[in-house]
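So the structure is just underneath, and the comments pick up after that.
The values are calculated or read from the model by the stated rules, or taken from the named source; none is laboratory data. Keep in mind that this is a model prediction, so the values were computed, not measured. As a convention, Cβ positions derive from the backbone with ideal geometry for all residues, glycine included, and neighbour counts pool all protein chains shown.
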Amino acid sequence: MIASTANHSEVWRIALVDDDMSVLRSLSRMIRVNGYNAMAFDSAGAFLSSLDDWRPEMLFVDLRMPGMDGLALQASLVDRGVRIPTVFLSGHGNVASSVRALRGGAIDFLEKPFDESTLLATVERAGVIVRRNREAEAAHHILAERVASLTNREREVFRWVVTGRLNKQIAVALGTTEKTIKVHRARVMAKMTAGSVAELVRMFDQIGEESVRQEPRRPDTGAQPT
């Protein structure tokens, strides 16, 4: 494994996987001198073993390697639930392999040999995806924190409100009064900082029903309408 670090306004953590050490050194040098952080691995297994210690923000991997090849590595990452913008490198590229790689979530397919400007342009495209993923993760975290503040009953009301049911219909379904549902509904809107039901629906779709169904992190306390 070869490690290198340099200063950059956005120091992407870039993993390089190739069984050819000369290729790894060349790629690592180009990445390093342009201000990024490079970690190079000579096999897919070595890269997978490193994931407990660090998580790259983008991956450049050779298509054809002994043992686990690039496509198999891509499949393994998907199975693990690891999402990393991936670029395939190959001196033996073909349409079928390219299609499989792109369908598996690859963002690009570079045919060897390629020059530094091509590599850096690809890094920049991957960086756009990294930034978008970061923003999505941050937004998801904020929503998860808001959902965690809801009581059990507020979660129930949340799930009913996004179906378009009226307060009186929700009251009948939950065996309580319309006035009580109005109180819970107002609390849900306030805690989720939703300005409208439409916005609340978008939040629900983004966070997922399963997250709303989970028990809150702390038990309900105090006298609350039921």
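Please verify whether Val197 is under 30 Å from Ala15 (Cα atoms) and of a type in the set (Val, Ile, Thr), treating the condition exactly as stated. No: the conditions fail for Val197.
Restrict the check to the stretch 88-97 and report whether at least one residue is in contact with a Gly (Cβ under 7 Å, 6 or more places away or on another chain) and within 22 Å of Val123 (Cβ to Cβ).
Looking only at the stretch 88-97, we keep the residues that are in contact with a Gly (Cβ under 7 Å, 6 or more places away or on another chain), and these are 88.
Remaining after also requiring within 22 Å of Val123 (Cβ to Cβ): 88.
Yes, the stretch 88-97 has at least one match.
Tell me which residues, restricted to the stretch 44-85, are more than 18 Å from Glu137 (Cα to Cα) and among the acidic types (Asp, Glu). Matches in the stretch 44-85: Asp52, Asp53, Asp62, Asp69, Asp79. Restricting attention to the stretch 161-170, the residues being part of a helix (DSSP H, G or I) and surrounded by fewer than 20 Cβ atoms within 10 Å (Cβ to Cβ) number 3. Of the residues making up the stretch 161-176, just one is in contact (Cβ under 8 Å) with a residue 40 or more places away in the chain and over 17 Å from Glu209 (Cβ atoms), namely Thr176. Looking at the stretch 1-74, the strands (runs of 3 or more DSSP E) lying wholly inside it that each contain 2 or more residues that are in contact with a helix residue (DSSP H, G or I) (Cβ under 7 Å, 6 or more places away or on another chain), surrounded by 17 or more Cβ atoms within 10 Å (Cβ to Cβ) and at pLDDT 90 or above sit at 13-17, 37-41, 58-62. Here the condition is being of a type in the set (Gly, Ala, Ser) and under 29 Å from the mean Cα position of the chain (by Cα); of Gly195, Gly164, Gly175, it holds for Gly195 alone.
Among all positions in the stretch 180-189, there is no residue which is out of contact with any helix residue (DSSP H, G or I) (no Cβ under 7 Å at 6 or more places or on another chain) and modelled with pLDDT under 95.
Residue-by-condition table, conditions (1) among the charged types (D, E, K, R); (2) without any contact (Cβ under 8 Å) to a residue 60 or more places away in the chain:
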{"site": "Ala144", "(1), (2)": "no, no"}
{"site": "Ala148", "(1), (2)": "no, no"}
{"site": "Arg153", "(1), (2)": "yes, no"}
{"site": "Glu156", "(1), (2)": "yes, yes"}
{"site": "Arg159", "(1), (2)": "yes, yes"}
{"site": "Glu178", "(1), (2)": "yes, yes"}
{"site": "Ala186", "(1), (2)": "no, yes"}
